[in-house]
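Notes for the one structure printed next.
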Amino acid sequence: MIVTIDGPAGTGKTTVAKKVAKALRFVYCDTGAMYRAVTWALLQNDLPLDDESRISTFLEQFQFSMKHDDDLTRYFVADTEVTEPIRSTQVTSHVSAVSALPCVRKTLWKLQHQVAERDTVFEGRDMGTAVFPDAEVKIFLTGRPQVRAQRRLQEMLRKNPKEATLFDEDKMINELMRRDELDSTRSLAPLKCPEDAYIIDTSDLSIDQVVDLILNYTATKRD
Ligand code: C5P
């Protein structure tokens, strides 16, 4: 069974998807981390982010893997652990441009389909629309921009206090809006709500409330 959880940044997708996967005993797959890992690798190798032909060749050698240790998922590009660097401001500011490239999406779609051989909860932007249009359960999370920005700031404070000092709420809202705009207007697999998705506005809900809604909804689909 495939569960897809799509939506813009700051809606709680990652925390919710992990908890849902744990409760269902499914594999958890953060496809945003895959796009971030490609972006990190391209920056690391000084490849121009608009040169599709060089990027295409580079991707033939691209090796990505995930390791799940309890609640922590660690990400690797070949043998290098990239769990932290893929969350840097530099990667975040380039990832939407990289993820709009067809060669990048095609490479990652293949990987995502390999993961889907097992029961999986996928979180991303195009999981329920482009990658798994036949998924049994499709969720779309939304949230007010202020709430989403505050969540991102809190997360940054926890994970990278130094970078957090460079942001305030307005700057974070602008960054989220810029990414939403790029992600939802690209021509290939834009961020959009699947027609048959269960939509949850997470602004005034706790993580556990959102998780419960999804688990209850999933139970109705499994019957
Ligand atoms: O979810 P996260 O914020 O880590 O995603 C980073 C970026 O990866 C998004 O802003 C988007 O550009 C890209 N992405 C995508 N398709 C997905 C998941 C993420 O284009 N399925």
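Coordinate-derived values only; no laboratory data. If you're wondering where the values come from, they're calculated on a predicted model, not measured in any experiment. No Cβ is skipped: glycine too gets one built from the backbone with ideal geometry, and neighbour counts run over all protein chains shown.
So here's what we get for this one:
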{"quantity": "Given 15 as the ceiling on other Cβ atoms within 10 Å, longest exposed-site-free region of the chain for GluC sites (Glu not before Pro) in DSSP loops", "calculated": "1-59"}
{"quantity": "Check: the chain dipole with +1 on Lys, Arg Cβ and -1 on Asp, Glu Cβ, in debye", "calculated": "160"}
{"quantity": "Whole-Hz couplings from phi, Karplus 6.51/-1.76/1.60, listed for segment 180-187; x for Gly and Pro", "calculated": "4, 4, 5, 5, 8, 10, 5, 6"}
{"quantity": "Three-way shape label, segment 1-64, alpha-carbon gyration tensor, a/c 1.5", "calculated": "prolate"}
{"quantity": "Mean separation of Cα contacts under 8 Å (6+ apart) over length of segment 105-223, as relative contact order %", "calculated": "35"}
{"quantity": "Global form of segment 70-154, assessed from the alpha-carbon gyration tensor, a/c cut-off 1.5", "calculated": "rounded"}
{"quantity": "Placed amide H near R144: partners under 5 Å, 5+ positions off or other chain", "calculated": "S203"}
{"quantity": "Partners for K67 among lysines (Cα-Cα distance below 17 Å; same-chain residues under 8 apart left out)", "calculated": "K18, K19, K22"}
{"quantity": "Within a Gaussian network of the chain (alpha carbon springs, distance under 10 Å), most fluctuating of R148, R74, R125", "calculated": "R74"}
{"quantity": "Karplus 3J(HN,Hα) series, Hz, for segment 40-47 with 6.51 cos²θ - 1.76 cosθ + 1.60 (x for Gly, Pro)", "calculated": "4, 5, 5, 5, 4, 9, 6, 8"}
{"quantity": "Sum of -39500 (n - 2.57) over DSSP H runs of 4+, divided by residues of the chain (222 nm, nearest 500)", "calculated": "-15500 deg cm²/dmol"}
{"quantity": "J(HN,Hα) series, segment 63-73, from Karplus relation 6.51 cos²θ - 1.76 cosθ + 1.60, nearest Hz, glycine and proline x", "calculated": "10, 10, 8, 10, 10, 9, 10, 6, 8, 9, 10"}
{"quantity": "Which of S96, A17, V27, positive extreme of dipole for segment 1-152 (C-beta unit charges)", "calculated": "A17"}
{"quantity": "Cβ-based exposure ranking for T89, T107, in which fewest neighbours within 10 Å come first", "calculated": "T89, T107"}
{"quantity": "For K138, residues with placed amide H under 5 Å, excluding near neighbours", "calculated": "T4, Y198"}
{"quantity": "Cα gyration tensor category, rounded, prolate or oblate, for segment 1-108 with a/c compared to 1.5", "calculated": "prolate"}
